[in-house]
Every structure is written in structure tokens, then in C-alpha cells.
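Bear in mind these aren't lab numbers, they're just calculated from the coordinates by the rules spelled out. All values derive from a computational prediction rather than experimental measurement. All Cβ positions, even for glycine, are placed from backbone atoms using ideal geometry, and neighbour counts span all protein chains on display.
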Amino acid sequence: MPVLKAGARHAVSFTLNGRPVSSWAEPRLLLTDFLRQKLGATGTHVGCEHGVCGACTVRIDGVATRACLMLAVQAEGRRVDTVEGLAAADGTLGELQAALRRHHALQCGFCTSGILMSVSHWLETDPAVDEKTVREMLSGHLCRCTGYGGIVKAVMEVAVRRRHGRERGGV
């Protein structure tokens, strides 16, 4: 990566939810702020700004990552997925989003986008989960409203559905 001059703006280009995007950023601009302010991807929430609460979680090249701990310029040339990319182009909720809705796992919704991004990555790497491992994975996210019960049920539902799909030779 080239040396970035403090105060100078730099072009930042990457793929956001499958679409190429580009804008200007100062070297110290956080990815959360870049996504929200420059690109309008407001589903990525800014919580603690220390990587503790998980509200800012996005996927970078497929891996769940805290966007508040990453500079926008570090996303150059990468693939960034946000919660907006989980829904279909027509607005139909994605599988995880619909499960959270069915299980009443949404209250204020502030933590939801980060949880969805972490869970989507996690289920792709290990769909053979149990309630204990779901709770351990969710321990990296702070939710003040739900008590996590509905979230755990929703994740388990999707995990079971995916596991059965694989056993039958599906996805």
C-alpha cells in the first residue's frame, strides 16, 4: 500500500454488495463512516467505536470484520458486504433476516445488522451448530433489548435448514 499523506484525500474503490463503488476519503476515515456518509450504506451501525459491541460488523472478502476498527483506505480493491446485501434486489428479506423476523428477534434493531453479518459468515463456515455454540458466537455482540433467545432460535432454524439441505445434496 502506498504511503498516505495525512489530510490529503485518496480515492477508495471496492465492491460493495456486488457493485463497484468509489469515493474520496482522508486516510484516517473509518470504514463505518465511509460506508454511511460517503456511500449511503446506513445499515452498518456505529456503536462503541472500539470493536466491542459488534454493531458495525460487515464482511470483508467474506469474513466478518468490525468496520469501526478498519480504515476506509484499507478496503481498497476488496469486497465489502453489508446488511443491505443480504436482501434480494426486490427487497425480499434474506433467509436469516426472515428467520429473525419470525422469531421476534428484532426490537430496537441497532445490533441486528452486525449480528446478521456475523451469523451469515459463521453459518457458511460451520452450519453444524448447537445452541451453546450459537450463544458463544453471539457473545461478540451486545444486544440490550432481546435477551438473545429469539436470535438463537432464528439462527438454529437456519442452521438446521441448511444442514438438511446439504444432507439431501442441496446447497
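A few comments on the model shown:
- Estimated at 0.36 nm per residue, the fully extended path between residue 48 and residue 69 surpasses their Cα-Cα distance by 6.5 nm.
- Under-5 Å amide H pairs with residue 30, H placed in peptide plane, nonlocal only: 72
- With both labels modelled 7 Å from their Cα along Cα-to-Cβ, the residue 13 to residue 107 distance reads 4.5 nm.
- For region 109-115, 3J(HN,Hα) per residue [Karplus equation, 6.51 cos²θ - 1.76 cosθ + 1.60, θ = phi - 60°, Hz, x = Gly/Pro]: x, 4, 7, 4, 5, x, 4
- Remark: region 21-38, residue by residue, has Karplus-estimated 3J(HN,Hα) of 9, 7, 7, 9, 8, 6, x, 8, 5, 6, 4, 4, 5, 4, 4, 6, 7, 8 Hz, where x stands for each Gly or Pro and the curve is 6.51 cos²θ - 1.76 cosθ + 1.60 at θ = phi - 60°.
- All Cα pairs of the chain, percent lying beyond 26 Å: 30
- Relative to the longest principal axis of the Cα atoms of the chain, the long axis of helix 149-167 lies at roughly 80 degrees.
- Remark: the Cα gyration tensor places region 10-86 in the oblate category, a/c being 1.5 or greater and a/b not exceeding b/c.
- Taking the centroid of alpha carbons for each part, region 9-42 and region 44-110 are 15 Å apart.
- Applying 0.36 nm per residue to the separation of residue 79 and residue 28 and subtracting their alpha-carbon distance, the gain on full extension is 16.4 nm.
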